Structures are given as structure tokens and as C-alpha cells.
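To keep things clear, I will list the structure first and then write my remarks on it.
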């Protein structure tokens, strides 16, 4: 190839390269026209804060009553404890059950006395013979004073022996001292050794009754005091009564016998006992332990307490604030407010 042709070819290639380079540069400079157009970032919409929905109540004036209500049971006023005074006897038989009606002098239980009945009969016969001999000595003419005295001593000895045996028999038997009802029977099996001075029975007169109520827990009776008035409902009629025993007034020696029972039990005396009342009858009653009229009252679920501090949450306009209060009577549903609030205040309930 001639030099001239080579120069022409070089010149053409150079023009073609320059044209391609310029075209590429233009594409790069205007490259954005070939890509998707970016959208402008929008600011998030403004939202208003959610309104808190409080449940409120208005502080009002009224009457607040705190009371103990329940269903009591009619029981005898006085129970007589019956027991054995000597240790070691073995039980032969218990003749009554809890709730049985009994008569004065009725045998309730006996111990196994072995041959004691036979010994008593023999002693009775020996006493009769001694009395006959005494009569003979006294009837004899010329009988000495010494003979008469000896015969008299034999009679006295026979009486003493028979009295001792009869006393042993009496000590082996428990009899009822009154007409009434059995209110307690100890759980003892035949042949068991009977402890001394431990109640085997309790008996009571059924004509002298009172109302007995045992709460679920002792704290329920913390405000009940002796002499408080009681309202009872018997056969649809209101009857008055009075508290005659509380856990705080039970003698310690009695309470120790059953502290769980006596610690949550009150006794109520009924002023006019219905004639047909009987042991076991159930009667509704109410004991008012505290009462106040024309006082500020709030629901108990509005009261807030922490480490001895009592307060409520008060609403004023659109704001909420805590207010300390002084409480008075507190029931299961209401609270008396002595200081800190005014009638008409709006407070938040829990």
C-alpha cells in the first residue's frame, strides 16, 4: 500500500474515533435523561396526640355507713362442761349424740367398773347385817355399853364402805344436771382411757338462746364493740339486739381452748326472743359500727394509697394533678373525705 493511501486511512479512522468520543461524552453529560426521574421526599403528615380517656366521678355529700352484716346461728347462752375428775378409767359406753334432747339426771356416759356393782351389793348386805346385830345387842338385857358401841362402830364402818363404793360408781358415770340439749360430744372410742378434767360433753338449756356469728377473718370484726346495737330480721320483722361478746372480750383461758374460733366470733343478745326460736335457727343481722351524715364521699376505687399516703387524682380543665386527702370512715365501697377535696371536684377512678 502506498504511503498516500495509508495517510488517507489514518485520517478517516481518527475522524471516526473523535466522533465516537464526542458522542459518548454527550451521552454521559445528559445521562439523567435515560434514568427514571426521582420524586421529591414528602414530609410526614402532622398528627395530633391521642386524647386520654379518663373515667371521672364527682365528689358529693351524703351519708356513709360502715357495718357488719351476716347470717348468725341461734345457740344456747350457757353450755355446761361435763367431764371425769379422775384419770385412768376406760370408757364403756357413750349413750347420747350431739343434738340429742336430754333430761336432768339422764346418764350420758359410763366407765367400765368391772366388779364394782357386785362389791356395792355385798357392802349393802354387810351393812344390813351390822344394823341387825346392833338391834340385837341393844335388845339384850344386861348388854354392856362396850358391846353396843362396837356394834355401832360396825354399822358406821359399813356405811362408810358402802358410801365409798357408791362414790366410785358415781364417778364412773356422767349424768346431765339440767333439762336441755347436747351441744358437744368428744370423739372417744369404747375402751379408750378417759383423761381427767377434759370435756366429754357440753349440755345447754334450749330455752335461753343467743345469736352466734363467726366471720371469715378476724379483721372483719375489728370495729365491733360490746354494747353496739344490732338489727335482726326474724320472719320478716325487725328485732333489736345488742353485742354481748367480741373476740377482744373473751377470757384468755377460754380463748386458748379454740383461738381460731373465738378470734373471729361475736355473740348477740336478742331483746325479744320469738317464742318458737330454737337452737340452729339462722337469722340475718346488721351491726352498724360507724355512721356519718352530710359528709364528703368518694368511691373507694378513686382512693390511691402508697407508703401511708392517701391521695386522689383531680381533673382541673385539661390537666390532672394529685391531691393528698385525709380519710374518715372507710367501707368496702366508699370513703369519707375529711380534708383535701370540695364538693363538686372531679376525680379519676381507677
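FYI, it's all coordinate maths here, none of it is from the lab. What you are looking at is a predicted structure, and each value in this text was computed from that prediction instead of being measured. Backbone-built Cβ (ideal geometry, glycine too); neighbour counts: all protein chains shown.
For the reader, a short list of remarks on this structure follows.
- In the set (1) touching a residue at least 60 places away in the same chain (Cβ under 8 Å); (2) surrounded by fewer than 19 Cβ atoms within 10 Å (Cβ to Cβ); (3) over 30 Å from residue 122 (Cβ atoms), the condition left unmet by residue 192 is number (3).
- Residues of region 261-306 classified as part of a helix (DSSP H, G or I) and more than 22 Å from the chain's Cα centre (by Cα), total: 3
- Given (1) without any contact (Cβ under 8 Å) to a residue 60 or more places away in the chain; (2) assigned to a loop (DSSP other than H, G, I, E, B); (3) more than 30 Å from residue 180 (Cβ to Cβ), index of the condition residue 310 fails: (2)
- Taking region 167-207 as the range and being under 14 Å from residue 80 (Cα atoms), assigned to a loop (DSSP other than H, G, I, E, B) and over 26 Å from the mean Cα position of the chain (by Cα) as the test, the residues that pass are 176, 177, 178, 179, 197, 198, 200, 205, 206.
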